[in-house]
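The values are calculated or read from the model by the stated rules, or taken from the named source; none is laboratory data. What you see is a predicted model; the values in this text were computed from it and never measured. Positions of Cβ are generated from backbone atoms using ideal geometry, with glycine treated the same way; all protein chains shown enter the neighbour counts. With ligands, DNA and RNA removed, areas are computed over all heavy atoms of the protein, side chains included. Shrake-Rupley method; radii C 1.70, N 1.55, O 1.52, S 1.80 Å.
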Amino acid sequence: MKDHLLHRKQIFTLMVFLSLFFNSFAQKESFSYRESYFPLVSASKAFQLKYDTMPLDRYWGLWGHNLYKWVEEDEDSENEEIYAFIDNERECDQFCFSSSALKKIIQKNIRKTKSAYTYYMVSPQDNTLVCQCEKCIEAGNTVTNAAPAVFNLLRYLAEEHQDLQFFTTAYLSVKNPPKEKQLENIGVFYSTIQFQEGKAYQELKNKQELSDELTAWKDKLEHIFVWEYALNYDNYFDFYPNLKDFQQNLKFLKDYGVDGVFINGSESYSALQDIKCATTARLLKESDLKLNEVLTEEFNAHYPKEVAKITSEFYRNITEEFSNSTKKMGIYSGINDAYRKYLHPEALESFYQKLKPLASEPQDFNTQSLLLSVAFLRLELMRYFGVNEFGYGNLNANKITIKPEVHELLKVIEQTSKSTKITTYNEQNAKISDYIKFWRSDILTQSTNYFLNKKINVLSNLDEGYSAIKVLNDGSIGFLDYNTNWLINSIDDLEIEINTEDLEEINTIKFGFLNDPAHHIYLPEEIIISSDEHRKKLKLKSSTLKEKKTVDFPVDFKPGKKLIIKILRRKNSSVKSQIATDEISIN
């Protein structure tokens, strides 16, 4: 009897051991380095403990393109040897990674901080400049490739500090892996930005390019950390519900040897940031979790009961829509892409009507900010649809009547922006107050337009992706975001023909143009309007500002049967010159 009990006890002990072993194996972290970077959420110590994240300020002694800070703070910063040698002179916008003076500065700062950090990122500045000094050329540098000198420096640091890990970025001048196998404490940060289409990597046409690049890096380096993306950075209020695809992508990356992931969130508020940050943090640790269960848990943890119920249902639905859609949607997209991909006006309006009565408490930040996001998206869809179905106005006998809900939504945005102190809505820090001003100055002031929804004949060549000529007269008004409601022309000037037989006279033709030098979009050089017997020109002054320009072109002649409008691009030999036109109105 005693031997039997002992035998049963041994079996029980073995079962407990096996259970612990397999649970431990099953719960092995998917990635050794993981950070979901939404500072408004992830900077909290409570969040870091709960979700076991690895924040930048605790793990990285040097991050991104910040090597210049160490240099600027050093007493030897004036030593020209530190800087890249290009065209027989020193270039202060880039470093010489063979420089002994630069090496000394890096060593000094590592010794100061090494007891506090695990990782150091030594990367060239954010440009394509490459040092061409004798030492760098001897290392293997070319005019476009700084990798040889960079990895020589990393190897030296890795040998000196074997308890630390050193990284660079696969970016611009360091695009190709080194020729030789690197030490175990050297790694690379690889950005997937060129593969961001709003799809799982497995479904991409160029997935082989991604897998080949990861394989090539893994062949030479022990560690590949990936820079991943979670938002539409042109519109932080866009839900961009990519979590299902994101989960599949984590498994794809893991299969190709990636052992660390940094998720680039937003430093200011983005829609449902608490849910995205928490959910992605959990998936980084255990990529096989059941996503819908995780979402339900997180919504219940962050929102009042009724809000959590309706929002989790809505979000699960749009997540499925997003994942099932074959349409592309990049991480810099306009509302038109969101509409085609997943965001249906009727579903959004239904969600808004359920949410609004539940968002009455100003102190409930999460619900108030969610209401702000939904109201903003509704207005964006209305702006996109113009005076057609789902748009902001109704058209009757050439007269525009603004829908009452537009005024309500603008008021909601104004109030919730104030109560939440959320003042911007994208990566460029575009202001909500300016967005509201554009609505009031460019849309609410409209009345009569004889050109709305009339047929346009295009006489010039249109750019690929910008063939929807109806954007010129469907009431869809452009603001300062070039990817919403603008017709962009880069390969040709814009020339159109319109039928004016039913117009007895024309007083003014009004044009809207965008000037956005950062994206090589400039005001036109000239507008030419001609009919059978008349021709009139108007020259425009150039501008260096990012602005929208409204141009009133007085027409003092009878148009006849047809009117030809030609808009000439500004001649600029140094860069590709583009024009962006939104709405042409006639009254």
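Observations on the structure shown:
- A residue that is open to solvent by 10 Å² or more (accessible area, probe 1.4 Å), farther than 14 Å from THR192 by Cα and free of Cβ contacts under 8 Å to residues at least 12 places away in the same chain occurs nowhere in segment 225-242.
- Scanning segment 380-404 for residues that are without any contact (Cβ under 8 Å) to a residue 24 or more places away in the chain, more than 15 Å from ARG440 (Cα to Cα) and out of contact with any strand residue (DSSP E or B) (no Cβ under 6 Å at 6 or more places or on another chain) gives GLU389, ASN396, ALA397.
- Here is the figure for segment 511-543: residues that are open to solvent by 50 Å² or more (accessible area, probe 1.4 Å), under 24 Å from ILE477 (Cβ atoms) and not basic (Lys, Arg) total 6.
- Look at (1) open to solvent by less than 50 Å² (accessible area, probe 1.4 Å); (2) modelled with pLDDT of 95 or more and you find that ILE469 fails only one, number (2).
- Per this entry, ALA281 is counted among residues that are open to solvent by less than 10 Å² (accessible area, probe 1.4 Å), out of contact with any Lys or Arg (no Cβ under 6 Å at 6 or more places or on another chain) and part of a helix (DSSP H, G or I).
- Restricting ILE335, ILE331 to those that are in contact with an Asp or Glu (Cβ under 6 Å, 6 or more places away or on another chain) and either under 23 Å from SER312 (Cα atoms) or of a type in the set (Val, Ile, Thr) (or both) reduces the list to ILE335.
- Residue check, GLU78 assigned to a strand (DSSP E or B), open to solvent by 40 Å² or more (accessible area, probe 1.4 Å) and either out of contact with any helix residue (DSSP H, G or I) (no Cβ under 8 Å at 6 or more places or on another chain) or at pLDDT 95 or above (or both): no
- The listed residues are SER44, SER32, and the only one of them that is open to solvent by 40 Å² or more (accessible area, probe 1.4 Å), closer than 24 Å to TYR229 by Cα and in contact with a Gly (Cβ under 9 Å, 6 or more places away or on another chain) turns out to be SER32.
- Test: residue in segment 396-415 that is surrounded by fewer than 16 Cβ atoms within 10 Å (Cβ to Cβ) and under 25 Å from the mean Cα position of the chain (by Cα): yes
Quick grid of which residues meet (1) part of a helix (DSSP H, G or I); (2) at pLDDT 95 or above; (3) more than 30 Å from THR280 (Cα to Cα); (4) hydroxyl-bearing (Ser, Thr, Tyr):
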position	(1), (2), (3), (4)
LEU5	yes, no, yes, no
ASN23	yes, no, no, no
GLU35	no, yes, no, no
SER98	no, yes, yes, yes
